[in-house]
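So the structure is just underneath, and the comments pick up after that.
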Number of protein chains: 2
Amino acid sequence: MGDFLELAARRQSCRSFTGERVEREKLTKCVEAARLAPSGCNGQPWSFVVVDAPDKAAQVAKCAQVVGESNKFTGKAGAFIVVLEEHAVLNPALRKMLDSQIFAKGDIGGAVVSICIEAAELGIGTCVIGLYDRESLTKILNLPVEQRFGALIAVGYPTDETIRPKIRKPLEEIVRYV
Amino acid sequence: MGDFLELAARRQSCRSFTGERVEREKLTKCVEAARLAPSGCNGQPWSFVVVDAPDKAAQVAKCAQVVGESNKFTGKAGAFIVVLEEHAVLNPALRKMLDSQIFAKGDIGGAVVSICIEAAELGIGTCVIGLYDRESLTKILNLPVEQRFGALIAVGYPTDETIRPKIRKPLEEIVRYV
């Protein structure tokens with residue numbers, strides 16, 4: 001086995017892409033990593049749209065550029081993976097009393113990290129875009145107006161493969177043992 | 001590098017533990033994997049309580065057994081990792097208009113999967129407990145009443161290391177390309 005901690009340290013948000021296309025086989029491996037992720041009651045509350053056609057990717061990039069100048073870099077992404085939130089079927093005992101989507105946001109968070117880690121293993125950079133134009137994205141992807149989004153991930157080859165030191169709270173500040 | 005997809009396939013929910021204690025060094029590696037996980041605006045909305053003292057673990061196991069008989073297996077967990085949701089400091093532009101915790105549930109979902117994957121690499125089983133007695137857990141861990149929980153993860157050595165086939169929707173059902 002490899003070293004997952006080393007891989008987790010190599011995964012970093014990439015904000016400078018070369019503009020090259022990303023091979024569909026690699027994008028599919030990223031989705032496969034998400035498919036294998038755990039979810040509450042195995043509800044799998046997700047589906048994925050891989051946007052790799054250059055004209056569509058350019059349109060999606062525009063959707064990612066709604067907040068100031070900070071996401072202009074998405075114009076050079078080779079592809080996007082759009083994670084859609086889908087209905088989760090919970091266990092019979094739980095679905096009597098809980099909203100079907102109670103675990104969905106957390107489950108999707110795990111799927112998103114799985115995508116980013118698999119991409120890092122393949123030498124591909126990712127950046128999860130927090131805010132984006134959901135209305136335009138709905139139209140571009142021909143989705144129903146009621147579609148819920150999980151995440152928008154920009155994907156591409158990085159212009160610089162240097163691994164930056166991670167800025168994180170130190171371990172001793174965030175963990176205690178009892 | 002190893003093969004992350006192979007590791008993701010080896011990660012599975014473990015519902016039968018040997019009762020052995022889990023080495024603290026390994027538990028800390030699991031938390032380290034979570035610490036490296038991405039989060040919105042790098043807000044890191046998490047902290048971790050590692051419960052490895054047998055008497056405390058037994059108390060926490062009781063908190064995991066609130067829904068029917070299904071979580072009795074937690075009585076044999078070697079430890080628990082409790083993920084707490086903490087305040088996230090967003091970027092100045094975003095925190096003017098967004099709730100600080102808008103990304104927290106997804107971020108914690110990514111941290112939880114990172115813990116479970118690192119555990120799988122170390123040969124340790126995990127099971128994320130969806131429902132638990134938060135009131136009792138708050139008291140057992142001496143937390144403030146307003147503390148928000150992110151996740152409760154049972155951790156331990158599996159009695160059976162066989163990897164079960166994963167039950168998942170097939171790839172072609174959950175992905176499309178545009």
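The numbers here are math on the coordinates, done by the rules we state, and not lab data. Keep in mind the model is a prediction, meaning the values are calculated, not measured. Because the Cβ atoms are built from the backbone with ideal geometry, glycine has one as well, and the counts that use them run over all protein chains shown.
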Assuming R0 = 45 Å, can you tell me the calculated FRET efficiency for the pair B:V67 and A:E23, based on Cβ-Cβ distance, to the nearest 0.05? 0.50
In order over the range B:126-134: 3J(HN,Hα) from phi, Karplus 6.51/-1.76/1.60, θ = phi - 60°, whole Hz, x for each Gly or Pro, gives 9, 9, 7, 8, x, 10, 7, 7, 5
Divide the volume of the convex hull of the Cα atoms of the protein assembly as shown by its number of residues and quote the answer in cubic angstrom per residue. 134
Connecting C-alpha atoms closer than 10 Å in a GNM of chain A, tell me which of A:C30, A:C63, A:C41 has the biggest fluctuation. A:C41
Residue-wise HN-Hα coupling along the range B:164-171, computed from phi with Karplus coefficients 6.51, -1.76, 1.60 (Hz; x: Gly, Pro): 6, x, 7, 8, 9, 4, x, 3
Along chain A, longest interval not containing exposed GluC sites (Glu not before Pro), exposed being DSSP loop plus at most 16 other Cβ atoms within 10 Å: A:70-145
If you count, for every residue in B:41-47, the Cβ atoms of partner chains within 10 Å of its Cβ, what is the mean? 3
Rounded to the nearest 0.05, what FRET efficiency do B:E146 and B:N91 give with R0 = 22 Å and r taken as the Cβ-Cβ distance? Could you check? 0.30
In deg cm²/dmol and to the nearest 500, what is the mean residue ellipticity at 222 nm of the protein assembly as shown if only DSSP H runs of at least 4 residues count, each as -39500 (n - 2.57), divided by the residue total? -10000 deg cm²/dmol
Once a ≥ b ≥ c are taken as the square roots of the eigenvalues of the Cα gyration tensor of the range A:1-148, is the result rounded (a/c under 1.5), prolate (a/b larger than b/c) or oblate (a/b not larger than b/c)? oblate
How well do other chains shield peptide B:14-20, expressed as the mean number of their Cβ atoms within 10 Å of each residue Cβ? 0
What whole-number distance in Å separates the alpha-carbon centres of the range A:1-39 and the range A:129-178? 12
Counting only complete DSSP H runs, which helices of chain A cover 15 Å or more along their long axis at the Cα atoms and score a mean Kyte-Doolittle of 0.5 or above? A:104-121
Taking the Cβ-Cβ separation of B:T159 and B:K139 as r and a Förster radius of 41 Å, what is the calculated FRET efficiency to the nearest 0.05? 0.85
For B:W46, the residues 5 or more places away or on another chain with a placed amide H closer than 5 Å to its own amide H are B:E86
For a quick check of your reading of the filter: which trypsin sites (Lys or Arg not before Pro) in the range A:70-101 sit in a DSSP loop and have no more than 12 other Cβ atoms within 10 Å? A:K96
Place a point 7 Å from the Cα of B:S16 in the direction of its beta carbon; the residues of the range B:144-178 whose amide N falls under 19 Å from it are B:154-167
Quantify how strongly other chains surround peptide A:27-33 by giving the mean number of their Cβ atoms within 10 Å of each of its Cβ atoms. 3
